[in-house]
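Encoded as C-alpha cells, the structure appears first; notes follow it.
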Amino acid sequence: MNDKEIVLSGIRATGNLHLGNYYGALSKFVKMQDDYDCLYFIADLHALTTTPDPNILHENVKNILAEYLAAGVDPDKATIFVQSDVPEISEMYLLLNMHVGIGELMRTTSFKDKARKQLGIKNGSDDEDIEKQIIGTDSNKRVNAGLLTYPTLMAVDILIQKAHKVPVGKDQEQHLELTRRFARRFNSFYGVDLFPEPQNFNFGDHAVKVPGLDGSGKMGKSEGNCIYLIDEEKVLRKKVMRAVTDEGPKEPNQPISEPVQNLLTLMELTSAPEIVQQYRDAYADCSIRYGDLKKQLAEDILKVTTPIRERYNDIRNDDAFIGRVVRQGAERARERASKTLAEVREIMGIRKFY
Ligand code: TYM
C-alpha cells in the first residue's frame, strides 16, 4: 500500500473499555494513525476463550467498535476490523501451532492466571499443583485448549499483517515476546525472512500499567476496579471518591503507600505535571487532603472521557455506519492476510497439485 511501518493492535470483546485499555492501547491507536499504516481490530475469537454468552459477545463487538470510533480512531486513516471477519487468521493459527510448544504456552503468566480461575484454584497455589489439575481426569473441571493457544492466535494476528509495531499495555509484553520468538523460529526453520519481529510501542519510555482504584494491582475488567470510558459523570465521580487511600502520611518524606501511589499514577496520566507535583509535595510535607486529590483526579479524568462518552452514544446507535466501517476494514485486512497466508502455505509445503 505504501512504505509506512505497519501497526497492528486489538482489544478483546469482553466488555466496555476502561482507562487501562485507553492508556495502554486506544489512546496510542489514535496518536499513531497519522504516521503509520495502522490496523486495529476487535478480538472476538480471543473473547471466546472465556466462553461468553453469544448475544453478549455480539453486543460487545459493536460496543467496542463504537468506542474506537468515539475515541477518535478514523476509518479513513486506519483499517478497523473484526478478527473473525478475516478467516485467514484461523487457518494460519492452525499452521503456526505446529511450531509452538505446549510447555512454553503453559508457562505463560496469563494462561496460569486464567487457568487458575477456570479451575477455581486460589492464588498462591504452586505451578505443579495447577499443572496436575489441568491434566486431571475430572472433565467437568477443564481448562479449554483455546486458552492455552491464546498466544498463538495473538501472534498470528500480528504476523499475518507483518506488523512492526504493536501498541499494547505492559500486561501484553510476554505475549509480544512469544510472538517474536515464533517469528524467529518460523523464519529460521524454513530459512526465510518472512516475518518482522514486532515491538511494543509507547510514547513514553516504558509500557503503561494503569492501576485500579482498589489499592493494589492493575485496572482490569475482571477485578471490578475500573473506570469505564462511558461511565456517567456521577458514577465516575463516585468511583474516584471511593478509591482506596491510606490513613495519611505520619511523618515528612515517608515513602508513598501503594494505594496513594496508584492514584498519583492515574493523575500522571490525566492531569498536568504541576498538579501531580503539588500533591506529591503535599504528601511529603503531610498536608495532603485525599478528598481534594480525588476531586481533582475525577475532574481531569472527566475531561478525557466526557467527549468520548458523548460521541459514543450517537455512534453506537448508527448500525449502518458501524457496518460500513467494518465491511471496508475486513476487505483491507483480508487483502494482506490472504497474501501472507498463501506465502505460509507455500513455505510449509501445503501446495495444490491439480
Ligand atoms: P485486552 O482486551 O486484555 O486488553 C486490551 C489492551 O488494553 C491494555 N490494558 C492495559 N494497559 C495498561 N494498564 C491496564 N490496567 C490495562 N488493562 C488492559 C492491554 O495491554 C491491551 O493492549 N491479547 C490482547 C488482545 C489481542 C491483541 C492481538 C493485541 C489479541 N490479538 C494482537 C495486540 C495484537 C488483550 O488481551 O487485550
| request: Quickly run through the stretch 134-158 and pick out the residues that are in contact with a helix residue (DSSP H, G or I) (Cβ under 8 Å, 6 or more places away or on another chain) and modelled with pLDDT under 80. | output: 141
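Looking at residue 64, is it of a type in the set (Val, Ile, Thr), part of a helix (DSSP H, G or I) and open to solvent by 10 Å² or more (accessible area, probe 1.4 Å)?
No, not satisfied.
I'm trying to understand the selection: among the residues of the stretch 167-181, which are within 12 Å of the ligand (Cβ to nearest atom) and not small (Gly, Ala, Ser)?
Of the stretch 167-181, the ones within 12 Å of the ligand (Cβ to nearest atom) are 167-176, 178-179.
Across the stretch 167-181, the qualifying residues are 167, 168, 170, 171, 172, 173, 174, 175, 176, 178, 179.
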| request: Count, please, the residues in the stretch 182-205 that happen to be open to solvent by 50 Å² or more (accessible area, probe 1.4 Å), more than 14 Å from the ligand (Cβ to nearest atom) and in contact (Cβ under 8 Å) with a residue 24 or more places away in the chain. | output: 3
| remark: residue 274: passes all of (1) open to solvent by 60 Å² or more (accessible area, probe 1.4 Å); (2) without any contact (Cβ under 8 Å) to a residue 40 or more places away in the chain; (3) within 27 Å of residue 43 (Cα to Cα) but (3)
| Which ones in the stretch 254-270 are more than 18 Å from residue 226 (Cα to Cα) and buried (at least 16 other Cβ atoms within 10 Å of the Cβ)? | 256, 257
| request: Could you pull out the residue among 45, 39 that is over 23 Å from residue 228 (Cβ atoms), open to solvent by 20 Å² or more (accessible area, probe 1.4 Å) and within 11 Å of the ligand (Cβ to nearest atom)? | output: 45
| query | What is the number of the single condition among (1) at pLDDT below 95; (2) within 21 Å of residue 48 (Cβ to Cβ); (3) surrounded by 15 or more Cβ atoms within 10 Å (Cβ to Cβ) that residue 222 does not meet? | reply | (3)
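In this structure, is residue 23 within 14 Å of the ligand (Cβ to nearest atom), in a helix (DSSP H, G or I), closer than 23 Å to residue 170 by Cβ and open to solvent by 20 Å² or more (accessible area, probe 1.4 Å)?
The answer is yes for residue 23.
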| request: Please work out if residue 116 is farther than 30 Å from residue 346 by Cα, under 21 Å from the mean Cα position of the chain (by Cα) and either assigned to a helix (DSSP H, G or I) or not acidic (Asp, Glu) (or both). | output: yes
| field | Unique match (being more than 29 Å from residue 68 (Cβ to Cβ) and more than 23 Å from the chain's Cα centre (by Cα)) among 276, 244 | value | 244
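A quick yes/no check of all residues on (1) part of a helix (DSSP H, G or I); (2) within 30 Å of residue 96 (Cα to Cα); (3) touching a helix residue (DSSP H, G or I) at 6+ places or on another chain (Cβ under 6 Å):
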position	(1), (2), (3)
251	no, no, no
261	yes, no, no
274	yes, no, no
335	yes, yes, no
| If you check residue 164 against the conditions, is it within 16 Å of the ligand (Cβ to nearest atom), in contact with a strand residue (DSSP E or B) (Cβ under 6 Å, 6 or more places away or on another chain) and at pLDDT 95 or above? | yes
| request: Give the residue, chosen from 236, 213, 178, that is over 22 Å from residue 18 (Cα atoms) and open to solvent by less than 40 Å² (accessible area, probe 1.4 Å). | output: 178
| Matching option when the condition is assigned to a loop (DSSP other than H, G, I, E, B) and either near the ligand (Cβ under 9 Å from one of its atoms) or in contact (Cβ under 8 Å) with a residue 12 or more places away in the chain (or both), among 240, 156, 208 | 208
| Pick from the stretch 67-87 the residues that are open to solvent by 20 Å² or more (accessible area, probe 1.4 Å) and of a type in the set (Asp, Glu): which of them is farthest from residue 167 (Cα to Cα)? | 85
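The values are calculated or read from the model by the stated rules, or taken from the named source; none is laboratory data. Predicted model, so just to flag it, every value in this text is computed and none were measured. When we count neighbours, we look across all protein chains shown, and the Cβ atoms used for this are built from the backbone with ideal geometry, even at glycine. Heads up: the accessible areas ignore ligands, DNA and RNA and are worked out on the full protein's heavy atoms, side chains in. Shrake-Rupley method; radii C 1.70, N 1.55, O 1.52, S 1.80 Å.
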